[in-house]
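Worksheet: the structure to be examined is printed underneath.
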Amino acid sequence: MAQPVRVQDPDVELLDRLAQARRDLLDQVRHRIIGQQDVLEGILTAIVSGGHALLVGVPGLAKTLMVQTIAESLALKFHRIQFTPDLMPGDITGTEIIEEDLTTGRRSFRFVHGPVFANIVLGDEINRTPPKTQAALLQAMQEHEVTVAGNTYALPRPFFVLATQNPIEQEGTYPLPEAQLDRFMLELQVPYPDRDQEERIVEETTGDEDHPVRAVLKADDLMEMQHLVRRIPAPKVVVRAAVSLARMTRPPDPASPAFVREYVSWGAGPRASQFLVLGAKARAALDGRPMADLDDLRNVALSVLRHRVVANFAAEAAGRSADDVCQELVDGRDWMGVGG
């Protein structure tokens, strides 16, 4: 008697494909980027979650090259916007122009798409443009559409904003409003390379060898994987831990520890809880696992929280930053519900 054919669960098959795509993509990116494993993992986490990421680091750490290389390896439409003090909102979203029909002589308006109409938008040095222009990205990042002259235009799918920011230079910069920061799923700190990595960087970038990158994922594949991430189950313990962690950043909350009440003006909102769970799901999916756990949540927690917590003057006087407060909170275990 013939044995019945076992049909593989399509989600399991897709999980395997996503895990393999992650390995292939990182292999391609390593043709140009040396080190920065945590940053690259963070960018991939944001992308498969359908979120946006802010890369913060001093000049010369290949932040822009990282984004460009990932865009090439994903076979997506990529536009770079260099943010400058004289950049206008229309330079990002696009603008209407008057066209004249040479046959009839009639004039009409035509909308010319701006660089935001792409799958991956690199906002280079995003804090170098005034808030008026920064705000041009708010609707695009949240609703994935742009409204110009009363007309709304949908952006291509998938859509991501990957922005860079220099943390040390203040002249000619404009801090991002809290509403803008909250649209970024993750803030990724780009560190200096270690000595061995820096020697490899110097050797490989001062020669004449080209480092081509091959596309390993198409837009349809990526959108399918984004839907898969959404379908990854998050146990109740993970959801409760995410909500507890976000609420503990808020000074008025009874669960917030003493150092939060002392050093924090404003804590993270509900969007942080959502991104904590979604990021944990993405980390599990990228690893080929069918369920998120508390370790996944811990891995994304600092990147989700650090730009949503506002430190007060007492923290500044004590030499504590919002990043320090979030790190202390994440390192504790109260939010996991297992005591300190």
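The values are calculated or read from the model by the stated rules, or taken from the named source; none is laboratory data. In this text the structure is predicted, and so the values were computed from the model without any measurement. Positions of Cβ are generated from backbone atoms using ideal geometry, with glycine treated the same way; all protein chains shown enter the neighbour counts.
Here are some notes:
- Going through (1) of a type in the set (Ser, Thr, Tyr); (2) touching a Gly at 6+ places or on another chain (Cβ under 7 Å); (3) modelled with pLDDT under 90 one by one, SER49 falls short only on (3).
- Residue in region 232-245 that is outside any helix (DSSP H, G or I), crowded, with 16+ Cβ neighbours inside 10 Å and free of Cβ contacts under 8 Å to residues at least 24 places away in the same chain present: no
- For beta carbons closer than 7 Å, sequence separation of 6+ or different chains, a first residue in region 267-279 that is in the same structural domain as VAL330 (by TED's automatic domain parsing) and a second that is hydroxyl-bearing (Ser, Thr, Tyr), the qualifying pairs are GLY267/THR249; ALA268/THR249; LEU278/SER49; GLY279/THR45; GLY279/SER49.
- Looking only at region 102-135, and only at residues there that are hydrophobic (A, V, I, L, M, F, W, C) and surrounded by fewer than 18 Cβ atoms within 10 Å (Cβ to Cβ), the one that is farthest from ARG80 (Cα to Cα): LEU102
- In region 110-123, the residues that are within 13 Å of LEU155 (Cα to Cα) reach residues that are among the β-branched types (Val, Ile, Thr) and not in a strand (DSSP E or B) with C-beta atoms within less than 7 angstrom, at least six apart or across chains, in these pairs: GLY114/ILE92; GLY114/THR93; PRO115/ILE92; VAL116/ILE92; VAL116/THR93.
- Close pairs (8 angstrom Cβ cut-off, 6 or more residues apart or separate chains): at positive phi in region 28-55, part of a strand (DSSP E or B) anywhere: GLY50/PHE160
- Looking only at region 39-80, and only at residues there that are charged (D, E, K, R) and closer than 26 Å to ALA179 by Cα, the one that is nearest to the chain's Cα centre (by Cα): GLU41
- Screening the candidates THR164, THR205 for the property of being at pLDDT 90 or above, surrounded by 13 or more Cβ atoms within 10 Å (Cβ to Cβ) and of a type in the set (S, T, N, Q) yields one hit, THR164.
- Of all the listed residues (ALA301, ALA315, ALA311, ALA322), the sole one being touching a Cys at 6+ places or on another chain (Cβ under 8 Å) and either assigned by TED's automatic domain parsing to the domain that holds TRP266 or on the phi < 0 side of the Ramachandran plot (or both) is ALA301.
- Residues in region 75-88 that are farther than 26 Å from TYR192 by Cα and out of contact with any Gly (no Cβ under 8 Å at 6 or more places or on another chain): 8 in all.
- Take the conditions (1) over 28 Å from ASP323 (Cβ atoms); (2) surrounded by 13 or more Cβ atoms within 10 Å (Cβ to Cβ); (3) among the β-branched types (Val, Ile, Thr); THR173 misses just one of them, which is (1).
- Evaluation of GLU99 against the conditions (1) within 30 Å of ASP296 (Cβ to Cβ); (2) free of Cβ contacts under 8 Å to residues at least 60 places away in the same chain; (3) surrounded by fewer than 22 Cβ atoms within 10 Å (Cβ to Cβ) shows that the sole unmet condition is (1).
- On inspection, LEU138 does not qualify as in contact with a Ser or Thr (Cβ under 7 Å, 6 or more places away or on another chain), of a type outside the set (Gly, Ala, Ser) and either under 19 Å from GLY42 (Cα atoms) or surrounded by fewer than 16 Cβ atoms within 10 Å (Cβ to Cβ) (or both).
- Tally of residues being in a strand (DSSP E or B) and touching a residue at least 60 places away in the same chain (Cβ under 8 Å) across region 146-195: 10
- Restricted to region 246-256, and to residues there that are among the hydrophobic types (A, V, I, L, M, F, W, C) and assigned to a loop (DSSP other than H, G, I, E, B), the residue that is farthest from LEU329 (Cα to Cα) is ALA255.
- Scanning region 249-267 for residues that are buried (at least 23 other Cβ atoms within 10 Å of the Cβ) and of a type in the set (A, V, I, L, M, F, W, C) returns a single hit, VAL264.
- Note on region 272-329: among residues that are part of a loop (DSSP other than H, G, I, E, B) and of a type in the set (Gly, Ala, Ser), the one that is surrounded by the fewest Cβ atoms within 10 Å (Cβ to Cβ) is GLY319.
- Hits in region 208-231 - residues which are acidic (Asp, Glu) and surrounded by fewer than 13 Cβ atoms within 10 Å (Cβ to Cβ): ASP208, GLU209, ASP210, ASP220
- Meets criteria (assigned to a loop (DSSP other than H, G, I, E, B) and closer than 30 Å to PRO191 by Cβ) for LEU76: yes
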